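Some notes on the structure that comes next.
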Ligand SMILES: Nc1ncnc2c1ncn2[C@@H]1O[C@H](COP(=O)(O)OP(=O)(O)OP(=O)(O)O)[C@@H](O)[C@H]1O
Ligand SMILES: [Mg+2]
């Protein structure tokens with residue numbers, strides 16, 4: 001039994017702000033005194049620790065390779081918020097296999113009971129590993145920006161999850177919105193596309209405005225500090241979390257172990 005709510009943050013197109021959103025969600029939940037584990041699951045170009053300026057000793061790849069246990073790799077970011085750092089610049093890790101996913105989730109199963117939420121920052125696209133990480137989660141937040149390619153790619157990810165039989169909630173979140181008037185217009189059209197072509201309901205979580213300071217703070221490795229001080233970011237992210245809590249699974253209700261749920265879903269996906 002566990003009470004942890006596992007939420008994947010993903011996207012069709014890269015560079016749309018998944019990492020920012022995963023960090024923002026984690027920070028707002030941690031502010032609410034929820035215990036959160038942020039898992040940097042971007043295999044190859046992981047960067048949560050870089051944006052936060054945290055030096056890393058062990059990462060998720062070391063856990064998969066058995067060089068350390070998951071407890072040893074998890075680091076504290078701030079009160080109520082821990083990070084399992086991701087892997088960057090290891091070519092071998094880009095050949096991630098199903099057995100690596102299995103090993104990681106088995107290890108995570110052991111520590112997740114300590115947390116109220118696990119937020120998984122995935123890579124982008126509809127590749128095998130991204131889809132596996134999404135399928136393992138209770139819910140998936142699909143991030144997109146106001147660009148035609150980003151919306152098309154967000155739809156492609158939603159369609160893939162749907163076709164693979166994913167039965168968790170799927171949410172849409174629009175990032176880098178420049179005109180307040182255009183709030184939610186694109187999210188509504190993404191929702192209508194899913195309804196019309198897939199007969200699938202997705203929920204709209206909200207929008208995050210474009211803020212030129214954000215990239216600057218990533219460069220200075222001070223993103224966490226900046227986001228905490230940004231009333232605008234915290235306001236919008238707070239609304240997103242409120243919507244997520246309103247529509248998601250009840251915290252505290254019974255859930256099968258992470259591993260057994262994943263095994264069921266993956267075997268469904270592979271038709272075994
Ligand atoms: N709301 C925003 N306002 C301004 N800049 C933003 C915003 N969201 C993200 N960015 C910037 O856009 C870039 C990409 O953001 P981020 O790394 O979060 O995207 P990603 O989807 O995780 O990318 P990747 O696919 O490479 O993992 C970063 O430089 C980030 O600072
Ligand atoms: Mg990222």
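The values are calculated or read from the model by the stated rules, or taken from the named source; none is laboratory data. Remember, predicted model here, so these are calculated numbers, not experimental data. Cβ coordinates were reconstructed from backbone atoms using ideal geometry, including for glycine residues, and neighbour counts include every protein chain displayed.
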* Asked: Identify, please: which residue in region 208-227 is more than 18 Å from residue 240 (Cβ to Cβ) and outside any helix (DSSP H, G or I) and is, among those, nearest to ligand 2 (Cβ to nearest atom)?
  -> 221
* Asked: How many of the residues in region 1-31 are assigned to a strand (DSSP E or B), more than 16 Å from ligand 2 (Cβ to nearest atom) and crowded, with 24+ Cβ neighbours inside 10 Å?
  -> 2
* To do: Find all pairs meeting these conditions: Cβ atoms under 8 angstrom apart; at least six residues apart or on different chains; first residue within region 17-38 and within 8 Å of residue 81 (Cα to Cα); second residue within 16 Å of ligand 2 (Cβ to nearest atom) and in a helix (DSSP H, G or I).
  => 27/224; 27/227; 36/26; 38/22; 38/23; 38/26; 38/48
* **Test: residue 175 is more than 16 Å from ligand 2 (Cβ to nearest atom) and either surrounded by 17 or more Cβ atoms within 10 Å (Cβ to Cβ) or modelled with pLDDT of 90 or more (or both)** => no
* To do: Please indicate, with yes or no, whether at least one residue in region 109-122 is in contact with a helix residue (DSSP H, G or I) (Cβ under 7 Å, 6 or more places away or on another chain) and over 28 Å from residue 32 (Cβ atoms).
  => no
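Okay, residues lined up against (1) under 15 Å from the mean Cα position of the chain (by Cα); (2) at pLDDT below 90; (3) away from ligand 2 (no atom under 16 Å from the Cβ):
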| residue | (1), (2), (3) |
| --- | --- |
| 93 | no, yes, no |
| 99 | no, yes, yes |
| 102 | no, yes, yes |
| 110 | no, yes, yes |
| 121 | yes, no, no |
| 151 | no, no, yes |
* To do: Could you please give the count of residues in region 130-156 that are farther than 29 Å from residue 76 by Cβ, touching a strand residue (DSSP E or B) at 6+ places or on another chain (Cβ under 6 Å) and assigned to a helix (DSSP H, G or I)?
  => 3
* Kindly indicate whether any position in region 40-47 is near ligand 1 (Cβ under 9 Å from one of its atoms), in contact with a helix residue (DSSP H, G or I) (Cβ under 7 Å, 6 or more places away or on another chain) and closer than 19 Å to residue 87 by Cα. => yes
* Boolean, residue 127 is within 16 Å of ligand 2 (Cβ to nearest atom), farther than 20 Å from residue 25 by Cα, without any contact (Cβ under 8 Å) to a residue 60 or more places away in the chain and surrounded by fewer than 19 Cβ atoms within 10 Å (Cβ to Cβ) -> yes
* Asked: Taking residue 196, is it part of a helix (DSSP H, G or I), more than 16 Å from residue 14 (Cβ to Cβ), more than 16 Å from ligand 2 (Cβ to nearest atom) and modelled with pLDDT under 90?
  -> no
* **Evaluation of residue 133 against (1) within 16 Å of ligand 2 (Cβ to nearest atom); (2) surrounded by fewer than 19 Cβ atoms within 10 Å (Cβ to Cβ) (one fails), failing number** => (2)
